[in-house]
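J.: Handing you this structure, nothing more for now.
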Amino acid sequence: MITMENIIRDGNPTLRARAKAVTFPMSTETKELAGKMMEFLENSQNPEIAEKYKLRAGVGLAAPQVDVSLRMTAVLVPDENNAPLFKHILVNPTILSESVRMAALSEGEGCLSVDREIPGYVPRHDRITLRWYDLDGNKHVEKLRDYVAIVCQHEIDHLNGILFYDHINKENPFKTDPSTILIG
Ligand code: SB7
Ligand code: NI
């Protein structure tokens, strides 16, 4: 299983590299990695398992964060009842279109690969149309909004060597333009 020891931290060059596209058919090894990444998210959101293995809770995990420079990420966003609201392995995800309106989480963002808290708003597109492939190579296109859209943008950033704090305004971390909505 993946634990915090398998997650590389800020400073490791893999986190700043542009990850390579996954080719189909996917290898058994890469499919197994995808399964382990989703299992990590499930474990991290289960209070008993998270406590036992000292896992930080996460709603996403991108392959570069486990030092595999491939364009693949697991996303598991629960709803209010802890049922999965958005649960997918995104292979070669691409944003097809994005809203002009921006959104940021009022609590800011964190990252499993960044051990310190970095305060500030992280402006992202409030709505995106996302295309991705699943493990069998089937194409998916979905319109996403608000929290799910923000998480997917955080994950896609990892595939491009970008970390959340890159987006925070250096002079005034809580400055946003008036058209940015705050979420949460
Ligand atoms: C807040 C947290 C995440 C995404 C967007 C807002 C995910 C945190 C876990 N990860 O480091 C995944 O890359
Ligand atoms: Ni992250």
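The values are calculated or read from the model by the stated rules, or taken from the named source; none is laboratory data. Just so you know, these numbers come straight off a predicted model, no measurement behind them. Cβ placement follows ideal geometry from the backbone for every residue including glycine, while neighbour counts extend to all protein chains displayed. These area figures cover heavy atoms from the full protein model, side chains too; ligands, DNA and RNA do not enter into them. Shrake-Rupley method; radii C 1.70, N 1.55, O 1.52, S 1.80 Å.
J.: Looking at LYS87, is it open to solvent by 20 Å² or more (accessible area, probe 1.4 Å), away from ligand 2 (no atom under 16 Å from the Cβ), assigned to a strand (DSSP E or B) and not hydrophobic (A, V, I, L, M, F, W, C)?
T.: Details: open to solvent by 20 Å² or more (accessible area, probe 1.4 Å): yes; away from ligand 2 (no atom under 16 Å from the Cβ): yes; assigned to a strand (DSSP E or B): yes; not hydrophobic (A, V, I, L, M, F, W, C): yes.
Spelling it out, LYS87 is indeed open to solvent by 20 Å² or more (accessible area, probe 1.4 Å), away from ligand 2 (no atom under 16 Å from the Cβ), assigned to a strand (DSSP E or B) and not hydrophobic (A, V, I, L, M, F, W, C).
J.: Pairs please, first residue from segment 91-106 and more than 13 Å from CYS152 (Cβ to Cβ), second anywhere and within 16 Å of ligand 1 (Cβ to nearest atom) and at pLDDT below 95, Cβ atoms under 7 Å, 6+ apart in sequence or on different chains.
T.: Here the result reads ALA104/THR176; LEU105/GLY184; SER106/GLY184, each pair linking segment 91-106 to a residue that is within 16 Å of ligand 1 (Cβ to nearest atom) and at pLDDT below 95.
J.: Of the residues GLY120, GLY58, only one is at pLDDT 95 or above, under 27 Å from GLY184 (Cα atoms), in a loop (DSSP other than H, G, I, E, B) and under 15 Å from the mean Cα position of the chain (by Cα); which? I'd like the intermediate steps shown before the answer.
T.: Values: GLY120 fails: under 15 Å from the mean Cα position of the chain (by Cα).
Checking each option against the conditions leaves just GLY58.
J.: Quick one: would you say GLU98 is away from ligand 1 (no atom under 14 Å from the Cβ), within 25 Å of ARG18 (Cβ to Cβ), among the charged types (D, E, K, R) and open to solvent by 30 Å² or more (accessible area, probe 1.4 Å)? Give the derivation first.
T.: Working: away from ligand 1 (no atom under 14 Å from the Cβ): yes; within 25 Å of ARG18 (Cβ to Cβ): yes; among the charged types (D, E, K, R): yes; open to solvent by 30 Å² or more (accessible area, probe 1.4 Å): yes.
Here the answer is yes, as GLU98 does meet what is asked.
J.: Something else about it: Quick check: anything in segment 143-156 more than 14 Å from ligand 2 (Cβ to nearest atom), open to solvent by less than 80 Å² (accessible area, probe 1.4 Å) and free of Cβ contacts under 8 Å to residues at least 24 places away in the same chain? If you could, list the steps in order and put the result at the bottom.
T.: Of all residues in segment 143-156, those more than 14 Å from ligand 2 (Cβ to nearest atom) come to 143-149.
Next, from what is left, pick out any that are open to solvent by less than 80 Å² (accessible area, probe 1.4 Å): 144, 146, 148-149.
If we keep only those that are free of Cβ contacts under 8 Å to residues at least 24 places away in the same chain as well, we get none.
Looking through segment 143-156, none of the residues is more than 14 Å from ligand 2 (Cβ to nearest atom), open to solvent by less than 80 Å² (accessible area, probe 1.4 Å) and free of Cβ contacts under 8 Å to residues at least 24 places away in the same chain.
J.: Any residue that is within 14 Å of ligand 2 (Cβ to nearest atom), modelled with pLDDT of 95 or more and closer than 23 Å to ILE168 by Cα - is there at least one of those in segment 28-46? Lay out the reasoning, then the answer.
T.: Within segment 28-46, the subset within 14 Å of ligand 2 (Cβ to nearest atom) is 37, 40-41, 44.
Remaining after also requiring modelled with pLDDT of 95 or more: 37, 40-41, 44.
Narrowing the set further to residues that are closer than 23 Å to ILE168 by Cα leaves none.
No, segment 28-46 contains no residue that is within 14 Å of ligand 2 (Cβ to nearest atom), modelled with pLDDT of 95 or more and closer than 23 Å to ILE168 by Cα.
J.: So which pairs qualify, if the first residue must be in segment 38-58 and under 12 Å from MET1 (Cβ atoms), the second must be open to solvent by 20 Å² or more (accessible area, probe 1.4 Å) and among the charged types (D, E, K, R), the Cβ gap must be under 7 Å, and the two must be at least 6 apart or on different chains?
T.: SER44/ARG56
J.: Another question about this same structure. Scanning segment 158-184 for residues that are farther than 15 Å from SER106 by Cα and open to solvent by 20 Å² or more (accessible area, probe 1.4 Å), which turns out farthest from ligand 2 (Cβ to nearest atom)? First the steps, then the outcome.
T.: Pass one, segment 158-184, residues farther than 15 Å from SER106 by Cα: 158-163, 166, 170-171.
Now narrow it down to the ones that are open to solvent by 20 Å² or more (accessible area, probe 1.4 Å): 160, 162, 166, 170-171.
Details: ASN160: 12, ILE162: 10, ASP166: 12, LYS170: 20, GLU171: 24 Å.
Across segment 158-184, the extreme among qualifying residues is GLU171.
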